[in-house]
Amino acid sequence: TAPLALALDLPQNFLLKCLEQVRKIQADSTALQEKLCATHRLCHPEELVLLGHSLGIPQARLSRCSSQTLQLMGCLDQLHRGLFLYQGLLQALAGVSPELAPTVDLLHLDIADFATNIWQQMEDLGVDPAVKPTQGTMPTFTSAFQRRAGGVLVASNLQSFLEGAYRALHYLAEA
Amino acid sequence: LEDCAHIRVSTPIVRLGDPVTASCTINQTCSSLGPESQIVWKLEAELQPGGKQQHLPNGAQESTITLPHLNHPRALLSCCLLWRGSLQILDQAELQAGYPPVVPSNLSCLMNLTTNSLFCQWEPGPDSYLSTSFTLKSFKSRENCQTPMGSIPDCMAEDRQSHCSIPRKHLQLYQYMGIWVQAKNALGTSKSSQLCLSPIDVVKLEPPTLGALYPSPRKDPPQPECLQLHWETWKPSLYMEQKCELRHQPQLGEAHWTVVSPLPSTVPGYELCGLLPSTVYILQIRCIRWPLPGYWSNWSPILKLVTG
Amino acid sequence: LEDCAHIRVSTPIVRLGDPVTASCTINQTCSSLGPESQIVWKLEAELQPGGKQQHLPNGAQESTITLPHLNHPRALLSCCLLWRGSLQILDQAELQAGYPPVVPSNLSCLMNLTTNSLFCQWEPGPDSYLSTSFTLKSFKSRENCQTPMGSIPDCMAEDRQSHCSIPRKHLQLYQYMGIWVQAKNALGTSKSSQLCLSPIDVVKLEPPTLGALYPSPRKDPPQPECLQLHWETWKPSLYMEQKCELRHQPQLGEAHWTVVSPLPSTVPGYELCGLLPSTVYILQIRCIRWPLPGYWSNWSPILKLVTG
């Protein structure tokens, strides 16, 4: 069925809340990036690509959410898996530094809220996967610097993920 | 060495006006008691007649008294002995009287984005005269808050306070939670009715910052009956879709407010016309989360401007 | 998975202006390193030439650099690699530079009878640019504080504070104690000279409460050049023998203070004469523990009275 028809199954309230949650998480993530830059002068993810490869920071895919190939249930599932992945990555950043910890904690709470919101909607639509996703292997950050550099890379990847999510949700809300 | 004397009270905390029964046992060791030593009861400073005294097999003496109505929230009951012409206090017990807690009412909650916590307050009801603890209890749930889906730590109100704030880390902003207040003292427990809300839906915003546009743009022809304004959303709520209301009135005379609504929450430049020229106007703005639910912010501080 | 790169710094905290040597080892695992990959050093945002690079037997590459003078109290040293045309940061180390702590000076202590603690303060000296902890150390002793007779817990000054208060429970008010301040940071430790005092001998009192005598007693004949005063010792110091000083001057003109001394610390009624009639006078009083040692209290708040 065309994505638009399926979008009708989604309550408008759910889509409005999701859009708001994406904007909230984007604001949290920007706050983290600004603090990493101000406190540790790590301002450009492009300077940390090589390190990122060696740390092996996984990224979340949103292939079923792009407007050309939007597949609603697959998109919701990918959104939930992506948010679940970012919860794991943020937990791996635990102990990043006292100045950043509150920002990372808030970001983690907001992402968890969003993931729960999507999971509950999938349950209501009866399309929730039989088993909740389990966390894959997470990178191990062995030094304070790696946790900060990891923070820059995770925040940057998260922003791209959120932009994709926002486009898809906005597309569905406009349907 | 046994105690010289010991008071035992049936129930040290009773309802105001209820009876209290106490007994006082005075041991022989209590400095060569004469057989006829008379045990005397005092409540605060008043002697209490009606103590029934008896000898115990072990040589001790015991007096039992029932105070028909305890009308003091706090009272000291003393067990005394007439000894060499003076009344000797041998033991004391603190009695308390009050009421079981009334059901707390008017429970309401606000999500405070500055402190990032859910602030709830309630009416404690009349004083129960007993130390009463108020606990905000809640659980995670789905839509109708019928079935708990996850626990949330209790929020203990501080002494004599009728509010409590649940911190962000215990909240799921976009999920429903059942929430109520429990009042508990020595005479019982009571529960308020339960609210069912999701914290983000009870958000109360701060108003935007309202200001005049400087330098107010040159108009040709000049428009003396217009004001150039701008306002900026309160930063912590930038991510929320909102609608706002602007109200204005001439400062003097018993004018009434004119309200302009709905307005967006951030406007770099807004021209308000249809005003009286060269008149001092007072303006205020407020916003609310919209179309998703929320509470109106307070009105912003008054902005005073003069038309051309 | 070994670290991609790792900086080792000889001493991460040095004296300001001293050299710092660091080495950065980049492992082969760091994603297909070309043999000619060049390790580049940056201090904050500035490139640092002079890194000596070498291949290690295990295929890793290591660069060593010596910064001749570290002039920043805080600086981030980055080990980077030129990779596909962009400078990639692989590790960072925080360098700190400063001075060993200067000897704290002007240590002085006051026994505060309100907080019941020995309040000591000192001059910390110039900023050492390093996090420096100040600890008030003391020991119980006899007269000359040469031989410690009992330990007293250290008093850790709060961050960036140059005072500390030793609570009553650690003090023997009438015994001598040796007391000094230790300053400590990553580059060293320094000790102030030692005071030898007994807390009660450095008591600083609060002034008595000075007031006019109401109703001022009828005098026959009336004495326009007198004022009727009374004062009451500061309650917490009632047990101490004290002497006091009263000073007064007409409010106007460039008068100077006239001091009446010595006076007792509590006087129900005191007649101050020899004043100018119908003139506004300002008066103050202060007291000191006496004949036993102590410090003068501050002057009491000004009392304004008009002579007859």
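Each other copy places its own label point for B:Thr115 at 2.8 nm from this one, sorted shortest first, where the point lies 7 Å along the Cα-to-beta carbon line. Shape class of chain A from the Cα gyration tensor (axes a ≥ b ≥ c, square roots of the eigenvalues): prolate, since a/c reaches 1.5 or more and a/b is larger than b/c.
Taking all protein chains as present, what is the carbon and sulfur share of the accessible area of segment C:97-212, in % to the nearest whole number, probe 1.4 Å? Please list the in-between numbers first.
On the way: 2850 of 5920 Å².
Percent of accessible area from carbon and sulfur atoms in segment C:97-212: 48.
Copy B relates to copy C by a rotation, and the B residue whose beta-carbon is nearest that axis, with the distance in whole angstrom, is B:Glu158, 13.
For the residues of C:82-94, the average number of beta carbons from a partner chain within 10 Å of their own beta carbon is 5. Using the Cβ-Cβ distance between B:Arg74 and A:Met138 with R0 set to 56 Å, the FRET efficiency from 1/(1 + (r/R0)^6) comes to roughly 0.40. Build a GNM of chain C with springs between Cα atoms under 10 Å apart, and of C:Gly178, C:Gly50, C:Gly85 the one that fluctuates most is C:Gly85. Sorted from nearest, the other copies put their B:Asp18 label points 7.5 nm away, the label point being 7 Å from Cα in the direction of Cβ.
Distance between the pseudo-spin-label points of B:Val260 and A:Gln159 (7 Å out from Cα toward the beta carbon): 3.5 nm.
Might you report the magnitude of the Cβ-based charge dipole of segment A:44-175 about its Cα centre, with Lys and Arg at +1 and Asp and Glu at -1, to the nearest 20 debye?
On the way: 7 positive and 12 negative charges, 76 e Å.
For this selection, approximately 360 debye.
Using a 1.4 angstrom probe on heavy atoms only, work out the carbon and sulfur share of the accessible area of segment A:22-119 in %. Kindly include the intermediate steps, with their values, before the conclusion.
On the way: 2140 of 3770 Å².
Ligands and nucleic acids excluded, carbon and sulfur give 57 percent.
The loop-placed GluC sites (Glu not before Pro) in segment B:180-261, going by DSSP, that have at most 13 neighbouring Cβ atoms within 10 Å of their Cβ come out as B:Glu254. Counting only protein heavy atoms and a probe of 1.4 Å, the accessible surface of segment B:239-308 is 60% carbon and sulfur.
Using a Gaussian network model of chain B in which every pair of alpha carbons under 10 angstrom is joined by a spring, one finds that among B:Ile13, B:Ile166, B:Ile26 the greatest mean-square fluctuation is at B:Ile26. Between the helical axis of A:72-92 and the longest alpha-carbon principal axis of chain A there is an angle of about 20 degrees.
Between chain A and chain C, roughly 1400 Å² of accessible surface gets buried, counting both sides and using a 1.4 Å probe. Shown for C:Pro264: label points 7 Å from Cα along the beta-carbon vector, and their distances to the equivalent points in the other copies, 8.3 nm in ascending order. Over the protein assembly as shown, the fraction of Cα-Cα pairs per 20 Å bin, rounded to whole percents and listed from the shortest bin up, is 11, 21, 33, 26, 9, 0.
What the Cα atoms of chain B give is an Rg and a Dmax of 33.5, 113 Å.
Would you mind working out the accessible area per residue for segment C:37-87, using a 1.4 Å probe, and quoting it in Å²? The partial results should precede the final answer.
Details: 2810 Å² over 51 residues.
Accessible surface, normalised per residue, equals 55 Å².
Between C:Gln194 and C:Arg247, what is the FRET efficiency for a Förster distance of 25 Å, r being their Cβ-Cβ separation, to the nearest 0.05? Once the sixth-power term is evaluated, E becomes 0.10.
Can you work out the FRET efficiency for the pair C:Met156 and A:Ala31, with r the C-beta to C-beta distance and R0 = 22 Å, to the nearest 0.05? All intermediate terms of the calculation are to be shown ahead of the outcome.
Numbers: r = 34 Å, r/R0 = 1.54.
So the FRET efficiency works out to roughly 0.05.
Each label was represented as a point 7 Å from its Cα along the Cα-to-Cβ direction; for C:Asp127 and C:Leu213 these points are 5.9 nm apart. Within the protein assembly as shown, the cysteines lacking any other cysteine Cβ closer than 4.7 Å to their own Cβ are A:Cys18, B:Cys80, C:Cys80.
Shape verdict for segment A:107-175, please, from the Cα gyration tensor: rounded (a/c under 1.5), prolate (a/b greater than b/c) or oblate. Don't skip to the answer; put the middle values down first.
Working: a/c = 3.00, a/b = 1.60, b/c = 1.88.
Taking the square roots of the gyration eigenvalues as a ≥ b ≥ c, segment A:107-175 is oblate.
Among the residues of segment A:105-137, those with an accessible-area drop of 50 Å² or more from chain alone to full protein complex, heavy atoms and 1.4 Å probe, are A:Leu109, A:Asp113, A:Gln120. Between the Cα long axis of helix A:12-40 and the first principal axis of chain A there is an angle of about 10°, rounded to the nearest 10.
May I ask you to give the solvent-accessible area per residue for segment C:132-200, in square angstrom, as obtained with a 1.4 angstrom probe? All intermediate terms of the calculation are to be shown ahead of the outcome.
On the way: 3840 Å² over 69 residues.
Dividing the accessible area of segment C:132-200 by its residue count gives 56 Å².
Here is the list for segment A:36-144: trypsin sites (Lys or Arg not before Pro) lying in DSSP coil, each with at most 13 other C-beta atoms within 10 angstrom of its C-beta, are A:Arg61.
When the other protein chains are added to the chain by itself, burial of at least 20 square angstrom of heavy-atom accessible area (probe 1.4 Å, ligands and nucleic acids ignored) affects these residues of segment A:144-159: A:Phe145, A:Gln146, A:Arg148. Extension gain, C:Glu232 to C:Met149, is 25.9 nm, computed as 0.36 nm per intervening residue step minus the present C-alpha separation.
Where in segment B:199-285 are there trypsin sites (Lys or Arg not before Pro) that are in a DSSP coil and have at most 15 other Cβ atoms within 10 angstrom of their Cβ? Before the final figure, lay out each step's value.
Numbers: sites: B:Lys204, B:Arg218, B:Lys219, B:Lys243, B:Arg247; in loops: B:Arg218, B:Lys219.
Hits after loop and neighbour filter: B:Arg218, B:Lys219.
Remark: segment C:89-143 carries a charge dipole of roughly 440 debye about the Cα centre, counting +1 on each Lys and Arg Cβ and -1 on each Asp and Glu Cβ.
Taking every DSSP beta bridge with both residues inside the protein assembly as shown, roughly what % is antiparallel (nearest 5)? Please report the intermediate quantities before stating the final value.
Values: 184 of 194 bridges.
Given both bridge residues lie in the protein assembly as shown, the antiparallel proportion sits at roughly 95 percent.
For the options C:Tyr295, C:Tyr214, C:Tyr270, a Gaussian network treatment of chain C with springs between C-alpha atoms closer than 10 Å singles out C:Tyr214 as fluctuating the most.
Here's the picture: a label point sits 7 Å out from the Cα of C:Ser278 along the beta-carbon direction, and within segment C:284-308 the residues with their amide nitrogen under 14 Å of it are C:306-308. Averaged over the residues of A:50-63, the number of partner chain Cβ atoms lying within 10 Å of the residue Cβ comes to 4. Spin-label model, C:Val9/B:Glu44: points 7 Å from Cα along the beta carbon direction are separated by 7.1 nm. To the nearest ten degrees, helix A:101-124 and the longest principal axis of the Cα atoms of chain A are 20 degrees apart.
The values are calculated or read from the model by the stated rules, or taken from the named source; none is laboratory data. Computed from a prediction, not measured in an experiment: that's the story for all the values here. Here the Cβ is made from the backbone with ideal geometry for all residues, glycine too, and neighbour counts use every protein chain on show. Keep in mind that these areas ignore ligands, DNA and RNA; they rest on the heavy atoms of the full protein, side chains included. Shrake-Rupley method; radii C 1.70, N 1.55, O 1.52, S 1.80 Å.
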